[in-house]
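The values are calculated or read from the model by the stated rules, or taken from the named source; none is laboratory data. Keep in mind that this is a model prediction, so the values were computed, not measured. A quick note on method: Cβ atoms are made from the backbone with ideal geometry, for glycine too, and the neighbour counts reach across all protein chains shown.
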Amino acid sequence: MARVTLADVNKIYGTGTRAVHAVQDLDLTINDGEFVALLGPSGCGKTSTLRMIVGLESVTSGRIRFDGQDVTHLEPQQRNVAMAFETYALYPNFTIEENLTFPLEVQGVPPKERRRRAHQVAEMLRITPVLKEKPPGLSGGQQQRVSLGRALIREPAVFILDEVMSHLDAHLKFQMLFDLKRLHRDLKRTMIYVTHDQVEALALADRIAVMSNAKLQQVGGRAALYNRPANAFVADFIGEPPTNFFTARPLQENGSLTMQVDNSTLRFQLSSEAQAAVNATGGERFIVGLRPQNLTLDPNRGDPNRGRLKAAIAINEYLGERSILTLESGKARFRALVPPETAAGQRDIIDLFYDPTRVMIFDAETEDLIV
Amino acid sequence: MTPERKEAVVSEIVRGTPSTYPAWFSARKRSKPLIVSRRVPILLVGLPVLVLLAIVIYPTIWMFYHSLRDTNINHLFSGEHASVGLENYRTVLSSERFHDSLWHLALYLFFGACLQVLLGTLLALIIYEYLKSNLARALILILLVLPMMLPPSIVGTLWRFLLTPSNGAINQALLDLGIISSHIEWFNAGVSLWSIIIADVWNWTALPLLIVYSGRVSLPPAVYEAARVDGAGQWKVLRRITLPMLKEVIAIAFILRFTDAFKFVDLVYVMTSGGPAQSSELPTYIAFQRGIREFAIGEAAAYAIIIFAISAIIVTLFLKYMKRVMKAQGLA
């Protein structure tokens with residue numbers, strides 16, 4: 001059990017002109033027993049961060065603490081961390097039981113006790129039938145569970161999972177999500193989960209740390225990331241399909257402020273709070289964001305303050321439980337999630353409605369959220 | 001599609017070169033598909049088979065035939081040789097000279113071939129573990145491989161110079177270092193075999209080294225990281241993870257050195273000619289002596305067949321072991 005603190009951590013690979021700044025000024029605290037996901041596109045520095053926490057990668061500058069104790073320069077085995085690898089990293093010449101018990105063997109636990117613990121973990125992960133087999137004979141899902149089991153068996157302070165589901169098919173993934181959630185609930189251990197898949201992160205984590213370009217963009221719960229993204233990157237990365245973005249300039253109209261989208265007739269109405277915030281910045285250009293989920297075809301939800309957009313349908317993708325409309329107005333293109341029975345076809349002109357309080361405004365330069 | 005049009009399309013597909021190729025390259029491109037008739041594959045496979053028949057299979061059968069006859073070089077081609085049944089084999093198997101040479105072979109296998117594999121494995125793992133710069137690795141590998149590229153005659157002559165008892169470099173160095181107090185007589189009976197083994201270890205250790213090194217390079221790094229996180233020390237990792245994973249690679253190195261051991265003649269010939277008093281002879285060298293020098297083709301053939309049988313048994317055992325290892329790891 002441990003609380004993990006990263007203070008001003010930097011990682012630079014290489015030197016001179018070929019140096020790569022992989023992790024920049026990272027500050028992050030993971031509470032005892034918390035499940036935190038590190039989420040970001042490939043190359044964003046999340047795996048480097050995780051490897052520094054485990055101790056497989058040296059820290060260029062900054063401090064890593066477990067429960068206040070400085071572990072920055074300790075070897076992995078001195079930190080009491082366990083890790084499940086993306087490629088499973090099972091010992092191919094060991095049986096599954098030997099794989100599970102290897103950490104105990106290293107610690108000098110007697111064989112009888114090892115055996116007992118192996119069976120206990122195998123039971124929990126439903127791999128008892130394959131204990132005598134060797135890794136190459138197992139399916140991907142079984143191998144991944146063995147690798148989880150090997151991490152669990154020595155009851156580590158921090159439990160680290162690196163992209164553990166990226167090689168599993170959709171079915172297994174669903175099962176593993178459930179298993180992991182259950183494990184965390186039962187064991188109440190500090191878990192750090194690295195992934196590029198927002199679905200996994202949203203499903204599992206208490207809090208999500210979004211990284212991009214070597215920097216931590218935002219840390220927060222699901223609702224915070226979804227409704228109040230810190231910047232355009234987070235808004236874009238979280239949510240499926242991604243947020244619609246428009247470059248726009250403010251326009252005064254009948255005493256209230258609206259956002260006129262460039263090269264398009266689209267115009268967004270803003271909540272009074274947003275109007276005040278935009279006025280306060282005095283800016284000329286902004287990025288307007290609106291999630292496809294927040295656009296609806298239904299005009300009758302008796303809200304007089306609803307905004308309205310008129311656009312032509314470019315594509316109507318039918319996905320079973322819903323449809324995604326890709327719409328065009330002038331040069332602007334955006335998407336809306338609509339009920340699957342929507343019959344409108346290509347080039348039909350339709351009206352879409354939205355709640356002005358759902359409109360997000362970002363600074364055009366820094367891409368940070370204004371309101 | 002008309003035949004002409006089809007022809008044109010085919011020719012376009014075959015000849016169609018991306019514009020990025022230079023003109024001379026496009027010009028060299030063949031205008032016809034390579035496989036024009038069903039005879040081509042037969043020809044391509046058949047020629048090597050014929051060559052193999054001529055230089056491997058026919059001589060083996062020929063040798064087996066003569067091992068059962070009292071063939072002498074004088075009437076090898078006249079056909080005036082009679083069947084002697086297993087007489088040649090009896091001669092060989094009961095000869096003291098052959099027994100001694102078998103003992104020499106055992107010493108050579110154990111202290112020559114095995115030592116080479118052990119030393120090569122050790123060096124390969126040390127280089128991989130402690131030399132992290134690619135340039136340094138490449139340089140040291142090239143250095144270590146150099147002896148392997150020298151012809152045996154050069155290696156033999158070189159070591160005869162180095163080991164010359166009275167003023168050879170090795171004796172001088174050992175004397176200067178105070179390790180020995182008088183010259184070692186490197187080419188006396190009982191020592192000359194060891195001189196050959198030393199030269200051979202110097203010559204061939206790089207082969208198992210290269211094999212094991214390339215095996216080590218291809219082991220998955222994630223497994224080693226897992227071992228680090230699990231807290232395994234270097235010795236534990238070596239004993240429980242690295243060596244077991246390199247089992248079949250090391251077995252291959254053994255097979256190669258052992259098969260070579262059975263045809264090992266060159267250094268014996270150059271350095272000692274089997275002497276003094278046949279004290280450094282290996283079975284193959286006797287076969288060569290009896291057949292080529294003393295013209296007893298029949299007996300030499302029997303020697304060759306016996307050596308072949310011994311090496312076949314040993315290599316089969318190795319292959320069986322390898323198959324078991326690979327099966328255990330789910331690879332075969």
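Just to check your reading of the model, which residue among B:Ala277, B:Ala251, B:Ala304 is touching a residue at least 60 places away in the same chain (Cβ under 8 Å) and in contact with a Gly (Cβ under 9 Å, 6 or more places away or on another chain)? Spell out how you get there, then give the answer.
On the way: B:Ala277 fails: in contact with a Gly (Cβ under 9 Å, 6 or more places away or on another chain); B:Ala251 fails: in contact with a Gly (Cβ under 9 Å, 6 or more places away or on another chain).
The match here is B:Ala304.
Taking the residues in region B:221-241 that are under 18 Å from B:Val325 (Cα atoms) and facing chain A (nearest Cβ under 9 Å) as candidates, determine which candidate is surrounded by the most Cβ atoms within 10 Å (Cβ to Cβ). Step through it out loud before you land on a result.
Of the residues in region B:221-241, the ones under 18 Å from B:Val325 (Cα atoms) are B:238-241.
Next cut, facing chain A (nearest Cβ under 9 Å) only: B:240-241.
On the way: B:Arg240: 19, B:Ile241: 21.
Looking at residues that are under 18 Å from B:Val325 (Cα atoms) and facing chain A (nearest Cβ under 9 Å), I get B:Ile241.
Of everything in region A:15-54 that's touching a strand residue (DSSP E or B) at 6+ places or on another chain (Cβ under 7 Å) and within 14 Å of chain B (Cβ to nearest Cβ), which residue is surrounded by the most Cβ atoms within 10 Å (Cβ to Cβ)?
Here is the first cut: in region A:15-54, the ones touching a strand residue (DSSP E or B) at 6+ places or on another chain (Cβ under 7 Å) are A:19-30, A:32-41, A:44-50, A:52-54.
When the remaining residues are screened for being within 14 Å of chain B (Cβ to nearest Cβ), the result is A:47-48, A:50, A:52-54.
Details: A:Thr47: 21, A:Ser48: 22, A:Leu50: 21, A:Met52: 24, A:Ile53: 27, A:Val54: 21.
Among those residues, the one meeting the criterion is A:Ile53.
Conditions (1) surrounded by fewer than 20 Cβ atoms within 10 Å (Cβ to Cβ); (2) under 23 Å from B:Ile241 (Cα atoms), marked per residue:
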position	(1), (2)
A:Ile127	no, yes
A:Ser139	yes, yes
A:Ala157	yes, no
A:Asp162	no, yes
A:Met165	no, no
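B:Pro244: surrounded by fewer than 21 Cβ atoms within 10 Å (Cβ to Cβ), within 10 Å of another protein chain (Cβ to nearest Cβ) and more than 29 Å from the chain's Cα centre (by Cα), yes or no? Working first, answer last.
On the way: surrounded by fewer than 21 Cβ atoms within 10 Å (Cβ to Cβ): yes; within 10 Å of another protein chain (Cβ to nearest Cβ): yes; more than 29 Å from the chain's Cα centre (by Cα): no.
Against the criterion (surrounded by fewer than 21 Cβ atoms within 10 Å (Cβ to Cβ), within 10 Å of another protein chain (Cβ to nearest Cβ) and more than 29 Å from the chain's Cα centre (by Cα)), B:Pro244 does not qualify.
Only one residue in B:Ala253, B:Ala261 is surrounded by 21 or more Cβ atoms within 10 Å (Cβ to Cβ), modelled with pLDDT of 90 or more and in a helix (DSSP H, G or I). Which one? Step through it out loud before you land on a result.
Details: B:Ala261 fails: modelled with pLDDT of 90 or more.
Checking each option against the conditions leaves just B:Ala253.
Evaluate region A:144-165: report whether one residue or more is part of a loop (DSSP other than H, G, I, E, B), among the charged types (D, E, K, R) and in contact with a helix residue (DSSP H, G or I) (Cβ under 7 Å, 6 or more places away or on another chain). Break it down stepwise before answering.
Initial filter on region A:144-165 (part of a loop (DSSP other than H, G, I, E, B)): A:153-157, A:163-165.
Those still in the list that are among the charged types (D, E, K, R) too: A:154-155, A:163.
Imposing the further condition that a residue be in contact with a helix residue (DSSP H, G or I) (Cβ under 7 Å, 6 or more places away or on another chain) reduces the set to A:154.
Looking for residues that are part of a loop (DSSP other than H, G, I, E, B), among the charged types (D, E, K, R) and in contact with a helix residue (DSSP H, G or I) (Cβ under 7 Å, 6 or more places away or on another chain), one finds at least one in region A:144-165, hence yes.
Would a scan of region A:312-323 turn up a residue that is hydroxyl-bearing (Ser, Thr, Tyr) and surrounded by 18 or more Cβ atoms within 10 Å (Cβ to Cβ)?
The first filter runs over region A:312-323 and keeps only residues hydroxyl-bearing (Ser, Thr, Tyr), leaving A:318, A:323.
Within this subset, residues satisfying the condition of being surrounded by 18 or more Cβ atoms within 10 Å (Cβ to Cβ) are A:323.
Yes, that holds for at least one residue.
Look at region A:106-118 and say how many of its residues are crowded, with 19+ Cβ neighbours inside 10 Å and under 17 Å from B:Ala232 (Cα atoms).
1
Suppose we filter A:Ala89, A:Ala82 for residues that are part of a strand (DSSP E or B) and either within 14 Å of another protein chain (Cβ to nearest Cβ) or among the charged types (D, E, K, R) (or both); which single one remains?
After ruling out the rest, the residue left standing is A:Ala82.
Filter region B:291-310 down to the residues that are at pLDDT 85 or above and surrounded by fewer than 18 Cβ atoms within 10 Å (Cβ to Cβ) and list them by number. I'd like the intermediate steps shown before the answer.
Of the residues in region B:291-310, the ones at pLDDT 85 or above are B:300-310.
Of everything in region B:291-310, those that are at pLDDT 85 or above and surrounded by fewer than 18 Cβ atoms within 10 Å (Cβ to Cβ) turn out to be B:Phe308, B:Ala309, B:Ile310.
Please go through region A:254-276 and pick out each residue that is closer than 18 Å to A:Gly330 by Cβ and acidic (Asp, Glu).
Across region A:254-276, the qualifying residue is only A:Asp262.
Taking the condition at pLDDT 85 or above, charged (D, E, K, R), in contact with a strand residue (DSSP E or B) (Cβ under 9 Å, 6 or more places away or on another chain) and buried (at least 16 other Cβ atoms within 10 Å of the Cβ), does A:Arg291 pass? Give the steps one after another, and end with the answer.
On the way: at pLDDT 85 or above: yes; charged (D, E, K, R): yes; in contact with a strand residue (DSSP E or B) (Cβ under 9 Å, 6 or more places away or on another chain): yes; buried (at least 16 other Cβ atoms within 10 Å of the Cβ): yes.
Criteria met by A:Arg291.
Taking A:Ala122 as meeting all but one of (1) away from chain B (no Cβ under 14 Å); (2) in contact with a helix residue (DSSP H, G or I) (Cβ under 8 Å, 6 or more places away or on another chain); (3) not in a helix (DSSP H, G or I), write down the number of the exception.
So the condition that A:Ala122 fails would be (3).
Within region B:264-279, how many residues turn out to be part of a loop (DSSP other than H, G, I, E, B), under 18 Å from the mean Cα position of the chain (by Cα) and over 30 Å from B:Met326 (Cα atoms)? Break it down stepwise before answering.
Going through region B:264-279, the residues part of a loop (DSSP other than H, G, I, E, B) turn out to be B:264-265, B:272-279.
From what's left, under 18 Å from the mean Cα position of the chain (by Cα): B:264-265.
Within this subset, residues satisfying the condition of being over 30 Å from B:Met326 (Cα atoms) are B:265.
So the count comes out to 1.
Can you go through A:Leu100, A:Leu56 and tell me which one is in contact with a Gly (Cβ under 7 Å, 6 or more places away or on another chain) and not in a strand (DSSP E or B)?
On the way: A:Leu56 fails: in contact with a Gly (Cβ under 7 Å, 6 or more places away or on another chain).
On inspection, the qualifying residue turns out to be A:Leu100.
Among the residues of region A:62-73, is any surrounded by 14 or more Cβ atoms within 10 Å (Cβ to Cβ), within 22 Å of B:Arg228 (Cβ to Cβ), within 14 Å of chain B (Cβ to nearest Cβ) and not basic (Lys, Arg)?
Taking every residue of region A:62-73 in turn, at least one turns out to be surrounded by 14 or more Cβ atoms within 10 Å (Cβ to Cβ), within 22 Å of B:Arg228 (Cβ to Cβ), within 14 Å of chain B (Cβ to nearest Cβ) and not basic (Lys, Arg).
Please specify each residue of region B:78-109 satisfying the condition of being part of a loop (DSSP other than H, G, I, E, B), closer than 17 Å to B:Ala287 by Cα and among the aliphatic types (A, V, I, L, M).
So the first thing to find is which residues in region B:78-109 are part of a loop (DSSP other than H, G, I, E, B), and the list is B:78-82, B:84-86, B:95.
Now drop any that are not closer than 17 Å to B:Ala287 by Cα, which leaves B:86, B:95.
Hit for region B:78-109 is B:Leu86, nothing else.
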